[in-house]
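Visitor: Have a look at this one.
The values are calculated or read from the model by the stated rules, or taken from the named source; none is laboratory data. Note that the structure is a prediction, hence the values are computed from the model and not measured. In this analysis, Cβ positions are derived from the backbone assuming ideal geometry, glycine residues included, and neighbour counts consider all displayed protein chains.
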Amino acid sequence: MLLEAMRKLLPSAARAAGVTATSRDGDLIEIPCEAADPLLAYVFKTVADPFIGKLSYIKVISGALKSDSAFVNSRTGEAERFGKLLKVKGKKQEEIQCITAGDIGAITKMAEARTGDTLCAPGRICTIQPPVFPVPSLTMAIKVKQKGDESKVSGALQRLMEEDPTLKYVMDTETLQQLISGMGEQHLDVVVSKLKAKFGVDIDLTKPRVPYRETLRKKVKAQGRHKKQSGGHGQFGDVWIEFEPYDGEELLFEEKVFGGSVPKNFFPAVEKGLQQSVKRGVLAGYPVVGLKATLVDGSYHPVDSSQMAFKMAASLAYKAALPDASPTLLEPIGSLKAYIPNENTGDVMGEVNKRRGRVLGMNPSEDGMQLVEAEVPQSEMFDFTTFIRSLTQGRGYFTFEFVRYEPLPTQYEAKVIEDAKKFMSPEKEEE
């Protein structure tokens, strides 16, 4: 009975290991599991081994992969170089000379190959459909426990991303944080453990900062006057600038100077001074958007005026004007698409409303799921992954993409400004 069950439930590779692949022309080809046919193999797992390096686990669909075989990666179109062929038995790795059709093994030191790639003979290039990996839904900021390990984190995570396509890592240049994204809390906990065990890098995960923006609501005019005398040539720059809101992201600079009160050759210096100034707002130090600046008047000195002096004068005008221009904070709003079972739609819509979101609609989706579409502030989405996973017993999932900036409600401004000040002075935070 045991042998009969094995015959039925564990079919031979010759009977069940063939696949349907796509040729270069987009045609579907049936590839039988035949050792005499040209080589076709599939990379189904990648492991970052600290001693061996990169280890690619493969299944040979047809042909035979030998230690001197030449093959092409169909994704890159380039020939792949490799180290040794291995047969893996638990923790033991035994070097072999050939992996035949229907068998699995491992290859060392394939630089370009990653999970889901197809390796094929140069004469028959085709692709096996790779798996579709889910989009990471939980993002955390990395806090290194030991100073000096910041550079190690990047290299170690690049290695782990090779073996786990659902892991993402970026350096956010605006918030100056290293961000790691995964499928949930457990997933990221496993990554933290691997970093320590495999690469000796010890990290903590914290809530990431939200990239707010600042803007103004009122038109104001201010003077910036920079005068410095220190023997020999001094510095002198004097400008009057009008600041007002406009619909746009970048700084819009114009000049309406009459009678040459500010020479034309100093206009670029004034604009440069403003471009540097808008990187930091007056409320919480976030970049300023939707700002139009018009140079309307000023004065200069034939000897002491310079590019640097007018750059400084523009910066002083900016600092004088913005506090009087009704500055306000803008928060990032994202588009949420939550795919959930029918019985959970009410709970999800209620949760979206709690998180200051707006439900846009609900539509039937595939597999009997419902698609709830909404717009939610990014600051409220931090632990949404945990909520939707526990509510739907792991069946629900979602995507979240940035859409635009909207004014932050006044009652939340004080908290955001306080948090920004803590970040700007890390010494206070440590105290």
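Visitor: Of the residues 217, 225, 124, which single one is loosely packed, with under 14 Cβ neighbours inside 10 Å, farther than 26 Å from residue 50 by Cα, among the basic types (Lys, Arg) and more than 15 Å from the chain's Cα centre (by Cα)? Steps first, answer last, please.
Guide: Numbers: 225 fails: loosely packed, with under 14 Cβ neighbours inside 10 Å; 124 fails: loosely packed, with under 14 Cβ neighbours inside 10 Å.
Answer to the check: 217.
Visitor: Here is a follow-up. Within region 178-201, track down each residue that is part of a strand (DSSP E or B) and surrounded by fewer than 18 Cβ atoms within 10 Å (Cβ to Cβ). Break it down stepwise before answering.
Guide: Kept after step one, since they are part of a strand (DSSP E or B), are these residues of region 178-201: 178-182.
If the condition is that a residue be part of a strand (DSSP E or B) and surrounded by fewer than 18 Cβ atoms within 10 Å (Cβ to Cβ), then 179 is the only one that fits.
Visitor: Looking at (1) assigned by TED's automatic domain parsing to the domain that holds residue 45; (2) in contact with a strand residue (DSSP E or B) (Cβ under 7 Å, 6 or more places away or on another chain); (3) not basic (Lys, Arg), which is the only condition residue 121 fails?
Guide: (2)
Visitor: In region 354-388, which residues are of a type in the set (S, T, N, Q), in contact with a Ser or Thr (Cβ under 8 Å, 6 or more places away or on another chain) and more than 20 Å from residue 208 (Cα to Cα)? Write out each step before concluding.
Guide: Here is the first cut: in region 354-388, the ones of a type in the set (S, T, N, Q) are 363, 365, 370, 378-379, 385-386.
Still in the list and also in contact with a Ser or Thr (Cβ under 8 Å, 6 or more places away or on another chain): 370, 385.
Residue satisfying the conditions is 370 alone.
Visitor: In addition: Give region 326-350 a look and list any residue that's among the acidic types (Asp, Glu) and either in a strand (DSSP E or B) or crowded, with 20+ Cβ neighbours inside 10 Å (or both), or say none.
Guide: Taking region 326-350 first, the residues among the acidic types (Asp, Glu) are 331, 343, 347.
Across region 326-350, the qualifying residue is only 331.
Visitor: Under 6 Å by Cβ, and 6 or more places apart or on different chains, what pairs join a residue from region 37-66 that is within 30 Å of residue 195 (Cβ to Cβ) with one that is modelled with pLDDT of 90 or more and among the basic types (Lys, Arg)?
Guide: 42/59; 44/59; 57/45
Visitor: Quick check: is even one residue across region 411-418 among the basic types (Lys, Arg), in contact with a Pro (Cβ under 9 Å, 6 or more places away or on another chain) and within 19 Å of residue 330 (Cβ to Cβ)? Full working, then the answer.
Guide: Step one: of region 411-418, the residues among the basic types (Lys, Arg) are 415.
If we keep only those that are in contact with a Pro (Cβ under 9 Å, 6 or more places away or on another chain) as well, we get none.
The answer is no; no qualifying residue exists.
Visitor: Can you tell me which residue in region 253-272 is farthest from residue 225 (Cα to Cα), limited to those that are hydrophobic (A, V, I, L, M, F, W, C) and surrounded by 13 or more Cβ atoms within 10 Å (Cβ to Cβ)?
Guide: In the first step, residues of region 253-272 are kept if they are hydrophobic (A, V, I, L, M, F, W, C); the result is 253, 257-258, 262, 266-267, 269-270.
Those left that are additionally surrounded by 13 or more Cβ atoms within 10 Å (Cβ to Cβ): 253, 257, 262, 266-267, 269-270.
Details: 253: 19, 257: 16, 262: 13, 266: 14, 267: 15, 269: 14, 270: 12 Å.
Per the criteria, the residue is 253.
Visitor: Would you confirm, using the coordinates I've provided, whether residue 107 is in contact (Cβ under 8 Å) with a residue 40 or more places away in the chain, aliphatic (A, V, I, L, M) and within 17 Å of residue 34 (Cα to Cα)? It would help to see each step written out before you state the result.
Guide: On the way: in contact (Cβ under 8 Å) with a residue 40 or more places away in the chain: yes; aliphatic (A, V, I, L, M): yes; within 17 Å of residue 34 (Cα to Cα): no.
In short, no.
Visitor: Here's another thing I want to ask about it. Which residues, counting only those in region 161-174, are crowded, with 16+ Cβ neighbours inside 10 Å and farther than 18 Å from residue 137 by Cβ? Steps first, answer last, please.
Guide: Looking only at region 161-174, we keep the residues that are crowded, with 16+ Cβ neighbours inside 10 Å, and these are 161-165, 167, 169.
Within region 161-174, 162, 163 qualify.
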